[in-house]
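These notes concern the structure reproduced below.
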Protein chains: 2
Amino acid sequence: MASRQNQSESRAETFSGTQAARIAGISYRRLDYWARTDLVRPTAADAQGSGSRRRYNYRDLLELRVIKDLLDAGIRLESIRRVFDYMRDHVTSDISAATIVISGSSVILCDGDELFDVLRHGQGVLNVLPLSGVRDEVDRGIVATTPDVAADEKDLAV
Amino acid sequence: MASRQNQSESRAETFSGTQAARIAGISYRRLDYWARTDLVRPTAADAQGSGSRRRYNYRDLLELRVIKDLLDAGIRLESIRRVFDYMRDHVTSDISAATIVISGSSVILCDGDELFDVLRHGQGVLNVLPLSGVRDEVDRGIVATTPDVAADEKDLAV
DNA sequence: ACGCGGAACTACACGGGTGTAAGACGTTAG
DNA sequence: CTAACGTCTTACACCCGTGTAGTTCCGCGT
């Protein structure tokens with residue numbers, strides 16, 4: 001039955017702006033604002049004039065959700081911007097089970113032991129966000145939002 | 001020689017608004033704003049009508065500096081407010097070598113191993129701030145700002 | 001091929017809330 | 001008395017969007 005792979009396995013499908021907003025748990029206007037101000041552009045297809053369509057991929061959804069979580073945690077959008085500018089240039093590795101650590105204007109991706117070292121020796125404020133939780137949130141969002149996948153899930157559950 | 005105890009030992013002396021601002025590394029305006037909006041009231045003596053004088057104690061200085069560091073880390077003052085409202089009600093223990101961990105609107109004071117557990121099992125964004133660094137910053141601020149203590153330090157150094 | 005309905009993006013202006021600074025005002029020391 | 005200092009009031013600029021109307025494009029029926 002399952003017409004799709006596991007959620008987080010390199011999915012090739014893309015999402016419209018409206019879908020992406022719903023999945024990430026933000027308003028469409030906010031998504032639009034972030035796209036226009038270069039915070040998160042849709043990777044699959046950017047808008048080019050009125051009437052065109054943005055297409056977000058799975059990784060974009062992760063970023064959107066990370067930003068939402070950071071905002072909810074009370075971090076200013078301005079500093080989130082700096083963090084992501086940095087990350088885009090420096091991070092290529094897979095974002096699966098790592099943890100984002102933000103210290104001032106620099107960002108580190110850690111797993112397990114590394115994390116502990118960083119925290120022990122870190123001075124100043126560190127913002128710590130485990131990405132596994134973010135992925136789960138996004139996957140739940142996809143299931144709850146896209147009708148066909150929801151159907152698949154039901155099939156699996158029964 | 002040293003006419004005072006060690007910096008962080010229960011010091012009884014108090015500080016004026018201007019002194020407190022300088023030691024914490026913030027503008028006087030900012031200190032004033034925080035006092036008027038109930039973020040950090042001077043414990044030793046609060047303002048009671050125009051022309052009266054605020055007196056801050058050592059612990060107040062620590063709080064001021066923590067807030068400054070959180071702000072510098074890109075956290076919105078609004079959420080810092082919520083955190084401190086909570087902390088005032090729940091935290092009575094000594095703030096010596098612990099670490100503040102902020103998760104959403106709740107705050108935890110940890111030391112060492114505890115910290116590791118919290119971070120491992122934590123969901124969402126965690127803001128981590130070791131207080132030892134804060135205390136050092138404040139003590140340096142006091143030395144650099146109050147003339148007599150600075151003199152003491154010189155005596156010790158020479 | 002053509003028109004039409006609706007979804008999606010765009011342009012523009014506005015607004016609540018927040019953090020800060022300037023200056024008016026009061027008080028106290030000397 | 002008055003100069004120095006500290007507090008209180010008010011105004012302002014900025015952030016982070018949102019409301020709304022307009023525009024473009026897609027898909028579909030005919």
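The values are calculated or read from the model by the stated rules, or taken from the named source; none is laboratory data. If you're wondering where the values come from, they're calculated on a predicted model, not measured in any experiment. No Cβ is skipped: glycine too gets one built from the backbone with ideal geometry, and neighbour counts run over all protein chains shown. With ligands, DNA and RNA removed, areas are computed over all heavy atoms of the protein, side chains included. Shrake-Rupley method; radii C 1.70, N 1.55, O 1.52, S 1.80 Å.
Summarise the accessible area of the stretch B:17-157 (1.4 Å probe, protein heavy atoms) by the percent that is carbon and sulfur.
47
Over the heavy atoms of A:H121, what accessible area does a 1.4 Å probe trace out, to the nearest 10 Å²?
The accessible area of A:H121 comes to roughly 140 Å².
Going by average Cβ neighbours within 10 Å, how do the peptides A:108-116, B:63-71 rank, with the highest at the top?
Highest mean packing first, the order is B:63-71, A:108-116.
Shortest first and in nm to one decimal, what separations exist between B:G124 and its copies in the other chains, measuring from label points 7 Å along the Cα-to-beta-carbon line?
In ascending order, 2.5 nm.
Could you state how much accessible area is buried at the B-A interface, both sides summed, with a 1.4 Å probe, in Å² to the nearest 100?
On the way: alone 9370 and 9330 Å², together 16860 Å².
By this definition, chains B and A bury close to 1800 Å².
When you count, for each residue, the other Cβ atoms within 10 Å and take the mean per peptide, how do B:27-40, B:128-141 rank with the highest first?
Values: B:27-40: 15.0, B:128-141: 18.9.
Listed from highest to lowest mean packing, they are B:128-141, B:27-40.
Just give the residues from the stretch B:121-139 buried by at least 10 square angstrom of accessible area in the all-chains context relative to the isolated chain, probe 1.4 Å, and say none if nothing qualifies.
B:G122, B:Q123, B:G124, B:V125, B:L126, B:N127, B:V128, B:L129, B:P130, B:G133
Across peptide A:113-119, how many C-beta atoms of other chains are within 10 Å of each residue C-beta, on average?
Average neighbour count from other chains, rounded to a whole number: 2.
Using 0.36 nm per residue, how much length does the chain from B:S50 to B:Y33 gain when fully extended, once their Cα-Cα distance is taken away?
Separation in residues times 0.36 nm, less the Cα-Cα distance, equals 4.7 nm.
How crowded by other chains is B:66-78, given as the mean number of beta carbons from other chains within 10 Å of each beta carbon?
Per residue, the number of nearby Cβ atoms from other chains is 4 on average.
Determine the per residue accessible area of the stretch B:17-157 with all protein chains present and a 1.4 angstrom probe, expressed in square angstrom.
Numbers: 7080 Å² over 141 residues.
So the stretch B:17-157 comes to 50 Å² accessible per residue, rounded to a whole number.
For A:T37, go 7 angstrom from Cα along the Cα-to-Cβ vector, then report the distances to that same point in the other copies in nm, smallest first.
1.9
Spelling out what I want: for every residue of the stretch B:31-48, take phi, set θ = phi - 60°, compute 6.51 cos²θ - 1.76 cosθ + 1.60 (Karplus), and round to whole Hz; glycine and proline get x.
Listing the rounded values in order: 4, 4, 4, 4, 5, 5, 9, 6, 7, 10, 8, x, 5, 5, 7, 8, 6, 9 Hz.
Taking Cα pairs under 8 Å and at least six residues apart, what relative contact order does the stretch A:17-157 come out at, in percent?
Numbers: 145 pairs, mean separation 31.8, N = 141.
Across the stretch A:17-157, relative contact order equals 23 percent.
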